[in-house]
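Colleague: Okay, handing you the structure first.
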Amino acid sequence: MVVLQMVLLLCAGSSLAKDFCSPNVNIYAELEKLNDMDKRIQKLEEKLAKVLSENEALKPLLQDSQNKLKSLQKENEAKKVAFSAGLLESGTGHTGPFNSVITLVYKKVFSNIGGAYDSNTGKFCKENIMSNAESSSHMIFTVAALYMCIAGVFTAPVKGAYYFKFYGHGHGGTTMAVSLLKNGKTQCSVFAWKPTSNGNGSNGVVLTLEIGDQISTQLWANTWVYDDPASYTSFGGFLIFPL
């Protein structure tokens, strides 16, 4: 601004020097114009300083808005939860019968939006528990700990109302029986008593889940289910709305 003022003064001075001898030049009027120009420049500097100050004050508000937007985007992503899977990843065959109940692991994953369904073997989880044990006395797995490690489990990422559906298929004179469990407790089941040809069952349920609640399906003891590339035995679910 100082440079601008000097340039203006030089220009004005040059003009005055050219017309100094002219009887039409009013030196006092010209000086008044320069003074008025100086005042206007000063006002512009004040306005600029005010705008810069307001801009600095807006920076925290802008950052806060950006943080809120990112938070809302993350919340929106967390609300996208859906999965569907068939029992056998490939091939044809029965699962079971076994002397005790087992958690069914659906390996043919059609979709797993949100990554809440685990189709892995559970080996990684067990190895980490073992490696983190302080002594051999801590290496004894409780039933609850094993349940947390077993694959084939859906874990709720957000609190909300969820819908789950599962199908079971059996044949050949052996009973087919599967239950859907919430945190290890039976919610509903399908059952076909020793079908001579084909036996099918399906069931569904709406459940209110907290973050971390787990849903799985369990094959009853001494029963079996059949599956092939048509995925007759399957399991799926999705978040209806968060709570």
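The values are calculated or read from the model by the stated rules, or taken from the named source; none is laboratory data. Quantities reported herein were computed from a predicted structural model and do not represent experimental measurements. Here Cβ is always computed from backbone atoms with ideal geometry, including for glycine, and neighbour counts include all displayed protein chains. Side chains are part of the model used for accessible areas, which takes the heavy atoms of the whole protein and leaves out ligands, DNA and RNA. Shrake-Rupley method; radii C 1.70, N 1.55, O 1.52, S 1.80 Å.
Colleague: Could you grab me the full set of residues in region 85-101 that are farther than 19 Å from ASP213 by Cβ and open to solvent by less than 50 Å² (accessible area, probe 1.4 Å)?
Modeller: GLY86, LEU87, LEU88, GLY91, GLY93, THR95, GLY96
Colleague: Could we say that LYS126 is of a type in the set (D, E, K, R), within 34 Å of the chain's Cα centre (by Cα) and modelled with pLDDT under 95 here?
Modeller: For LYS126, the condition - of a type in the set (D, E, K, R), within 34 Å of the chain's Cα centre (by Cα) and modelled with pLDDT under 95 - is met.
Colleague: Considering each residue of region 187-218, count those that are under 31 Å from the mean Cα position of the chain (by Cα) and more than 12 Å from LYS165 (Cα to Cα), and give that number.
Modeller: 8
Colleague: Open to solvent by less than 80 Å² (accessible area, probe 1.4 Å) and at positive phi: does that describe ASN183?
Modeller: For ASN183, the condition - open to solvent by less than 80 Å² (accessible area, probe 1.4 Å) and at positive phi - is met.
Colleague: Among what's in region 222-243 and is touching a residue at least 12 places away in the same chain (Cβ under 8 Å) and open to solvent by 60 Å² or more (accessible area, probe 1.4 Å), pick the residue that is farthest from the chain's Cα centre (by Cα).
Modeller: ASN222
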